[in-house]
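The structure appears below as structure tokens.
The values are calculated or read from the model by the stated rules, or taken from the named source; none is laboratory data. Computed from a predicted model, the values in this text were never measured in an experiment. Cβ atoms come from the backbone with ideal geometry, glycine included; neighbour counts cover every protein chain shown. All accessible areas refer to the heavy atoms of the entire protein, side chains included, with ligands and DNA or RNA removed. Shrake-Rupley method; radii C 1.70, N 1.55, O 1.52, S 1.80 Å.
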Amino acid sequence: MHSTLTEHARCLYGDEYRPTSECGLEHGEHHFVEELTFADADSILAMLRELCPHVVDGCLPVWIRNLAYRLVLLQRPDEPALLREAAENLWMHGRDWDHIAEDLKKRADALEAD
């Protein structure tokens, strides 16, 4: 068993900045997604920031990044900085989500205006 979500993600997807050590565990993506689904926001953000410190980098699949940000925002819906960070990620990784990114930015602006 991996000790952190970040370690599990690194083992499964690799790390652009550090070598991935051999852990000897069987890696099924569905196990990681289950762990991600029930992880707390701090653990998810730690994974994103360590494995993808810049929006354009990292080995995490885009769908995993999108899911991770969605799960963080469900836990912390009123943090403008997180809303903007998630929006930036969506803008960077495809036009399909531009309308969602724009909505996140508007929510962040509204929260800061209050």
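General remarks:
- Helices (runs of 4 or more DSSP H) lying entirely in segment 5-114 (those with 2 or more residues that are in contact with a Lys or Arg (Cβ under 6 Å, 6 or more places away or on another chain) and surrounded by 14 or more Cβ atoms within 10 Å (Cβ to Cβ)): 80-92
- Close pairs from segment 43-56: first more than 13 Å from Val72 (Cβ to Cβ), partner open to solvent by 40 Å² or more (accessible area, probe 1.4 Å) and in a loop (DSSP other than H, G, I, E, B), Cβ under 7 Å, at least 6 apart: Leu51/Cys59
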